[in-house]
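First the structure, which I've put down as structure tokens, then a few questions once you've had a look.
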Amino acid sequence: MKNGYAHYLLDFIVIVLGISVSYFLNDQKTEHEKSEKEQVILSSLLSDIEVMEAYIHSRQQTLKSDSLWMDYLVTHWDRVNQDSMVNEFTKTRFHASFHNLFLDIREFHLPIASFQMVIQDGSLNLISNTEVKRLINTVVFLSKEQLLNNVQQEMDLQLAFQDRLMQDGDPELISMLSVTHEELEDRFAGSLDYTDQSRDEIRVILSKPYAKNYLSLKFRHRYFVNIFLRRFAAEVRDLKGLIRAEIDGRG
């Protein structure tokens, strides 16, 4: 009787151990699969960040060039050296131009597809580092929105100025705004064939008091755009460091 009991007990222990080992192996497999998925997600985010950093750097350079010219114009409006401006606009091509200062709308199209995807499909939950998750949410839902809200306010100001230009019946202004795509392409490529037109554009726009008011407001608001862009860039840089450390730590 005792031998039978011992036999059943042994069978029971073997079954329990078998089930436990099975659960353990399944858990190990699940954790391994989650870890692999997390690596894929982190690598995708890192790639997006590197593209984003290049985009941010490009925009910062353009905004810096714009701001330098806006600073010069709003402080020298009545004594602008028009020949020097024309020469500089020609040399720097699309990095600084009359078009950029007075007619262009500086939109931001941040490459954050991977960030939005991991949030929308729930993949963010697979990231084990809570600081990485927190910073992703900060970048996507707070810093990005603050930046784009300030950019939108500048765009609204730009659109209001464009409406004012359209209402102005000055024949010289109307002529100045009438250009072909071919001419714009040549001018942004640094062609010297439009030096006289560039000089006329500057002369005409300097005769408009509302243009100075617009540029002064735009220059003031650009300060806040740059603040939020620098903050966004810093948080993206911090996130990049955290993600790279996570990837290297698992390698």
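Note down all Cβ pairs under 8 Å where the first residue falls in the stretch 184-202 and is small (Gly, Ala, Ser), the second is surrounded by fewer than 12 Cβ atoms within 10 Å (Cβ to Cβ), and they're at least six residues apart or on different chains.
The qualifying pairs are Gly190/Lys91.
Among the listed residues Glu183, Glu154, identify the single one that is surrounded by fewer than 16 Cβ atoms within 10 Å (Cβ to Cβ) and farther than 30 Å from Arg244 by Cα.
Only one candidate qualifies: Glu183.
Out of (1) at pLDDT 85 or above; (2) under 30 Å from Asp238 (Cβ atoms), the odd one out for Ala113 is which?
(1)
Could you identify the single residue in Ile227, Ile202 that is aliphatic (A, V, I, L, M), part of a helix (DSSP H, G or I), surrounded by 17 or more Cβ atoms within 10 Å (Cβ to Cβ) and at negative phi?
Selected residue: Ile202, the only one of Ile227, Ile202 that is aliphatic (A, V, I, L, M), part of a helix (DSSP H, G or I), surrounded by 17 or more Cβ atoms within 10 Å (Cβ to Cβ) and at negative phi.
Shifting gears a bit: Would you check which residues across the stretch 187-209 are among the hydroxyl-bearing types (Ser, Thr, Tyr) and farther than 13 Å from Ser175 by Cα and list them?
The answer is Ser191, Tyr194, Thr195, Ser207.
Could you pull out the residue among Phe108, Phe115 that is farther than 30 Å from Asp186 by Cα, of a type in the set (Phe, Trp, Tyr) and touching a residue at least 40 places away in the same chain (Cβ under 8 Å)? Even if it seems obvious, please write down each step before you answer.
Numbers: Phe108 fails: farther than 30 Å from Asp186 by Cα.
Matching residue, one of Phe108, Phe115: Phe115.
Could I ask something else about it? Before we move on, is Val139 aliphatic (A, V, I, L, M), closer than 30 Å to His57 by Cα and either crowded, with 17+ Cβ neighbours inside 10 Å or in contact with a helix residue (DSSP H, G or I) (Cβ under 7 Å, 6 or more places away or on another chain) (or both)?
yes
Does Val51 satisfy the condition of being over 30 Å from Asp238 (Cα atoms), at pLDDT 85 or above and either of a type in the set (A, V, I, L, M) or in a helix (DSSP H, G or I) (or both)?
Here the answer is no, as Val51 does not meet what is asked.
Quick check on the stretch 104-117. Is at least one of its residues assigned to a helix (DSSP H, G or I), of a type in the set (S, T, N, Q) and over 30 Å from Ser35 (Cα atoms)? First the steps, then the outcome.
First pass over the stretch 104-117, keeping only residues assigned to a helix (DSSP H, G or I): 113-117.
Still in the list and also of a type in the set (S, T, N, Q): 114, 116.
Now narrow it down to the ones that are over 30 Å from Ser35 (Cα atoms): none.
For the stretch 104-117, residues assigned to a helix (DSSP H, G or I), of a type in the set (S, T, N, Q) and over 30 Å from Ser35 (Cα atoms): absent.
The values are calculated or read from the model by the stated rules, or taken from the named source; none is laboratory data. What you see is a predicted model, and the numbers here were worked out from it, not measured in a lab. For neighbour counting, all protein chains shown are included, and Cβ atoms are generated from backbone atoms with ideal geometry for every residue, glycine included.
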